[in-house]
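Some notes on the structure that comes next.
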Amino acid sequence: MEHGLQLYNTLTRKKENFEPLNGDHVGMYVCGPTVYSDVHLGNCRTFISFDLIFRYLKYLGFKVRYVRNITDAGHLEGDRDEGDDKFAKRAKLEQLEPMEIVQKYTLGFHDVLRMFNTLPPSIEPTATGHIIEQIEMITDIINNGYAYEVNGTVYFDVEKYNKTYNYTILTNRNLDDMMANTRELTGQDEKRGRLDFALWIKAKPETLMRWPSPWGVGFPGWHIECSAMSAKYLGAEFDIHGGGMDLAATHHTNEIAQSEACYHKHPAKYWMHTNMLTVNGSRMSKTAGNGFMPLQLFSGEHPLLKKGYSPMTVKFFMLQAHYRSTLDFSNDALDASEKGFRRLMNSLNLLDKLTPSPGASDFNIAVIRDNCIKAMNDDFNSPVVIAELFEAARIINTVYDGKAQITARELDNLKHLMQEFVYDIFGLKDEDSSNTELNDVLNMVIDIRKSAKENKDYATSDKIRIGLHDIGIQLKDSKEGTTWNKI
């Protein structure tokens with residue numbers, strides 16, 4: 001089928017024409033969250049980006065099987081098979097069973113993505129639901145000579161694998177440099193090589209999440225689950241593998257190694273990675289104290305935020321940057337996105353109020369549509385599409401103000417354009433379309449609270465604030481006045 005889509009392939013480090021392996025059928029695997037805590041914004045950016053990709057592939061007419069996993073077992077604190085199990089540590093902290101932790105944060109993850117209006121994947125498999133498949137894959141890797149077992153733990157032999165395949169093909173790193181930057185093995189270390197990683201880990205007596213295996217009771221390593229589940233649902237070879245760029249160096253590198261060691265085939269034709277997030281120019285991280293969760297961003301309850309921003313504002317902000325570009329969060333940038341998003345939605349609300357002209361049209365909507373498609377075909381260039389949508393919004397406002405004419409045909413094309421790109425492909429929605437009356441009521445309540453504070457009636461002021469909070473409305477006081485947002 002003709003589509004003209006090009007995408008950037010991390011594997012080859014260049015843009016390539018998109019040519020699926022099986023005609024108009026596309027298999028896409030994206031690494032999902034590790035559900036031991038609330039989903040963070042970096043994850044959200046990845047899932048919003050691949051939701052855009054999923055939607056656009058479907059728009060082009062492809063039949064897409066989108067698989068996004070849930071990691072609910074086997075993820076240790078260190079990527080090199082060290083530290084405590086993340087689920088067990090969180091379970092002890094919250095005095096819950098590990099699977100209660102999994103359930104709690106899986107539900108929270110789904111709630112956040114619903115707020116962002118993303119489509120669910122075709123399949124959402126879990127690591128614990130595919131223990132058998134992981135054991136079978138590990139067995140095949142051992143039989144092929146690329147893994148070994150020591151005291152109930154199975155390790156992947158990187159150096160032996162690298163003699164036949166290229167372990168660093170995804171990142172183009174130098175293997176000798178990697179070896180030099182990895183700590184030397186001690187006499188107590190079971191691994192044969194410094195870069196070897198665990199496929200199956202022997203359970204300690206206190207380990208809560210454990211399963212029987214040919215090598216004893218234990219649990220799977222972090223990397224094997226994605227190799228096993230992608231092969232089960234998409235085959236040993238499929239089209240697109242995606243995730244955050246932080247996964248490329250270790251997790252995706254090890255996925256490729258596992259799949260080639262098992263099936264003697266490279267798993268994905270195209271590898272796609274989203275870039276990182278920064279805050280006021282510095283990399284976002286918990287240790288730096290500048291990391292905030294989606295719900296904090298929505299409510300504004302974080303020292304770095306002057307107010308809350310709605311899910312659609314945040315999504316619009318993310319789409320204004322290309323998925324491979326660094327995205328910097330700041331109050332000013334979010335404020336600008338909020339105004340831009342509101343301007344776009346306000347213009348869309350005028351579409352049905354436009355009166356077509358019987359004469360010639362001052363606009364050719366096909367040009368804007370062609371520019372949008374050209375941008376999306378250029379590695380999903382959403383910022384360029386948004387610039388074209390603002391041009392369409394300008395046309396709407398100009399016609400509404402009576403300063404230009406548009407025919408019925410061009411008006412229909414304009415409506416079709418906005419439906420396709422704003423709603424169907426970008427997955428945006430107008431959060432305030434049904435909130436006009438609510439906004440008027442809340443502004444009146446805020447005025448009453450302001451008068452109470454001026455009269456030093458702090459009991460009434462606090463009662464209003466607490467009462468609104470209890471029903472899901474957050475008030476934020478600043479020098480400019482009081483604003484509200486939904487929690």
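Calculated mean residue ellipticity, 222 nm, the chain: -13000 deg cm²/dmol, from DSSP H runs (n ≥ 4) at -39500 (n - 2.57) each, averaged per residue and rounded to 500. Calculated FRET efficiency, Asp362 to Ile123, Cβ-Cβ distance, R0 = 41 Å: about 0.30 to the nearest 0.05.
Using packing as a proxy for protection, rank 249-255, 442-448, 392-398, 91-97 so that the peptide with the highest average count of other Cβ atoms within 10 Å comes first.
Values: 249-255: 21.1, 442-448: 14.3, 392-398: 19.0, 91-97: 12.7.
Result, highest mean first: 249-255, 392-398, 442-448, 91-97.
Set the Förster radius R0 to 35 Å, insert the Cβ-Cβ distance between Ala408 and Ala387 as r into 1/(1 + (r/R0)^6), and round the FRET efficiency to 0.05. Working shown, then result.
On the way: r = 27 Å, r/R0 = 0.76.
My answer for the efficiency is 0.85.
Between their Cα atoms, which of Lys339/Lys403; Lys453/Lys476; Lys63/Lys265 are more than 19 Å away from each other? Show your work: numbers first, answer last.
Details: Lys339/Lys403 24 Å; Lys453/Lys476 14 Å; Lys63/Lys265 24 Å.
Long pairs (Cα-Cα over 19 Å): Lys339/Lys403; Lys63/Lys265.
The Stokes-Einstein estimate for the chain, based on a Kirkwood radius over Cα pairs and taken at 4 °C with 1.567 mPa s viscosity, is a diffusion coefficient of 51 µm²/s.
At 0.36 nm per residue, minus the direct Cα-Cα distance, what do Leu175 and Tyr400 gain on full extension? Give it in nm, one decimal, please. The partial results should precede the final answer.
Details: separation 225, 0.36 × 225 = 81.00 nm, distance 6.27 nm.
Full extension of this stretch gives 74.7 nm more.
The Cα atoms of the range 193-343 cover 59, 40, 29 Å along the three principal axes, with the biggest extent listed first.
Sorting 236-244, 369-377 by their mean Cβ neighbour count within 10 Å, with the most densely packed peptide first, gives 236-244, 369-377.
Leaving ligands, DNA and RNA out of it, report the carbon-plus-sulfur percent of the accessible area of the chain at a 1.4 Å probe. The partial results should precede the final answer.
Working: 10930 of 22450 Å².
The nonpolar share, carbon plus sulfur, comes to 49 percent.
Between beta-carbons, use under 13 Å as the cut-off and find the net charge around Gly32, counting Lys and Arg +1, Asp and Glu -1. Don't skip to the end; give the middle numbers.
Working: positive: Arg68; negative: Asp51, Asp72, Glu124, Glu225.
Its environment carries a net charge of -3.
Label zone (Lys429, point 7 Å along Cα-to-C-beta; backbone nitrogen cut-off 14 Å) within the range 85-128: 111-120. Between Lys463 and Asp246, the simple spin-label model (points 7 angstrom out along Cα→Cβ) gives 4.7 nm. Counting only Cβ charges, +1 for Lys and Arg and -1 for Asp and Glu, the dipole size of the chain around its Cα centre is about 640 debye.
What is the extension gain from Arg324 to Leu21, computed as 0.36 nm multiplied by their sequence separation minus the C-alpha to C-alpha distance, in nm to one decimal? Intermediate results must be reported in sequence, preceding the final value.
Details: separation 303, 0.36 × 303 = 109.08 nm, distance 2.41 nm.
Difference between extended and current length: 106.7 nm.
Solvent-accessible surface of the chain, averaged per residue with a 1.4 angstrom probe and all protein chains in place: 46 square angstrom. Each of the peptides 225-232, 103-110, 468-475, 260-267 was scored by the mean count of other Cβ atoms within 10 Å over its residues; in descending order, highest first, they stand as 225-232, 260-267, 103-110, 468-475.
The values are calculated or read from the model by the stated rules, or taken from the named source; none is laboratory data. Only a predicted model underlies this, so the values are computations on that prediction, with no experimental measurement involved. Cβ: placed from backbone, ideal geometry, glycine included. Neighbour counts: every protein chain shown. We work out accessible area using only protein heavy atoms, side chains counted, and drop any ligands, DNA or RNA first. Shrake-Rupley method; radii C 1.70, N 1.55, O 1.52, S 1.80 Å.
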